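S.K.: Shown below is the structure under consideration.
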Amino acid sequence: MRRHRGMKKAVACLVIVAFSFLSLVVAPAQAAMVGTADILKAQSNDLARQKVKLFMERQEVVQQFDAWGVNPDEAQARVDTMTDEEIAMLSSKIDRLPAGGDALGFILAVAVIVFVVLIITDLTGVTDVFTFIKKR
C-alpha cells in the first residue's frame, strides 16, 4: 500500500515538473484586429508573386533562360526568395510590357537580378554555382 502511494506521489511530481516546463515553452496567444489595408496589401503581394511565377513558367522565358545557361527551376527558386518590393517591381514591369511584344528587356532584368543573387549567395558560401568566385 505504501509502495503504491509512493508511486502515485512520484508520478504526480513528474507530471507537475513536465507541465511546468511546458508552460515555459509555450507562448501565450496574441489577438489583434487586422485592418483592411493590411489584408489588401497581402493579397496584392500574393497576386504580384503569382504573376511573376506564371511569367517565369512561360515557354519563351524558359527557352531564354536555357539559352543563357540558367536553370529555370533555380531561377524560380530565386524568385521565391525575393522580397515583396522586388516582386512588385517585376510585376509592374510585366504590366508595362507590350501585349504580344518583345519581353527581352524584362527577361534581361530578371536574369540580371538572378545573376546578382547567385553571386551574392556564392560570396557568402551558401551556393557554389560560379567557379570564378574565390571562397574565403
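The values are calculated or read from the model by the stated rules, or taken from the named source; none is laboratory data. Please read all numbers here as calculations on a predicted model, not as lab measurements. All Cβ positions, even for glycine, are placed from backbone atoms using ideal geometry, and neighbour counts span all protein chains on display.
S.K.: Quick one: what pairs do we get from region 122-133, first residue assigned to a loop (DSSP other than H, G, I, E, B), second surrounded by 10 or more Cβ atoms within 10 Å (Cβ to Cβ), C-beta under 6 Å, 6+ apart or different chains?
M.R.: Close Cβ pairs (under 6 Å, with a partner that is surrounded by 10 or more Cβ atoms within 10 Å (Cβ to Cβ)) amount to Thr127/Thr121; Val129/Leu118; Val129/Asp122; Phe130/Asp122; Ile133/Asp122.
S.K.: Mind checking whether some residue in region 16-33 is surrounded by 10 or more Cβ atoms within 10 Å (Cβ to Cβ), closer than 27 Å to Leu104 by Cβ and either touching a His at 6+ places or on another chain (Cβ under 8 Å) or of a type in the set (Gly, Ala, Ser) (or both)?
M.R.: The answer is no, given that none of the residues of region 16-33 is surrounded by 10 or more Cβ atoms within 10 Å (Cβ to Cβ), closer than 27 Å to Leu104 by Cβ and either touching a His at 6+ places or on another chain (Cβ under 8 Å) or of a type in the set (Gly, Ala, Ser) (or both).
Residue by residue, here is whether (1) touching a Cys at 6+ places or on another chain (Cβ under 6 Å); (2) of a type in the set (A, V, I, L, M); (3) closer than 17 Å to Val112 by Cα; (4) free of Cβ contacts under 8 Å to residues at least 60 places away in the same chain holds:
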| site | (1), (2), (3), (4) |
| --- | --- |
| Leu24 | no, yes, no, yes |
| Ala31 | no, yes, no, yes |
| Gly35 | no, no, no, yes |
| Asn45 | no, no, no, yes |
| Ala48 | no, yes, no, yes |
| Arg58 | no, no, no, yes |
| Val62 | no, yes, yes, yes |
| Phe65 | no, no, yes, yes |
| Asn71 | no, no, yes, yes |
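S.K.: Sticking with this one: What are the residues in region 43-76 that are surrounded by fewer than 12 Cβ atoms within 10 Å (Cβ to Cβ), among the small types (Gly, Ala, Ser) and part of a helix (DSSP H, G or I), if any?
M.R.: The answer is Ala67, and nothing else.
S.K.: Now for a different question. Which number in (1) modelled with pLDDT of 80 or more; (2) within 25 Å of Asp46 (Cβ to Cβ); (3) part of a helix (DSSP H, G or I) marks the one condition that Met82 misses?
M.R.: (3)
S.K.: Return the total of residues in region 86-136 being within 20 Å of Ala67 (Cα to Cα), at pLDDT 75 or above and of a type in the set (Gly, Ala, Ser).
M.R.: Matching residues across region 86-136 total 2.
S.K.: Also, I was wondering about something else. Can you tell me which condition Ala37 does not meet? The list is (1) surrounded by 10 or more Cβ atoms within 10 Å (Cβ to Cβ); (2) of a type outside the set (Lys, Arg); (3) part of a helix (DSSP H, G or I), and all the others hold.
M.R.: (1)
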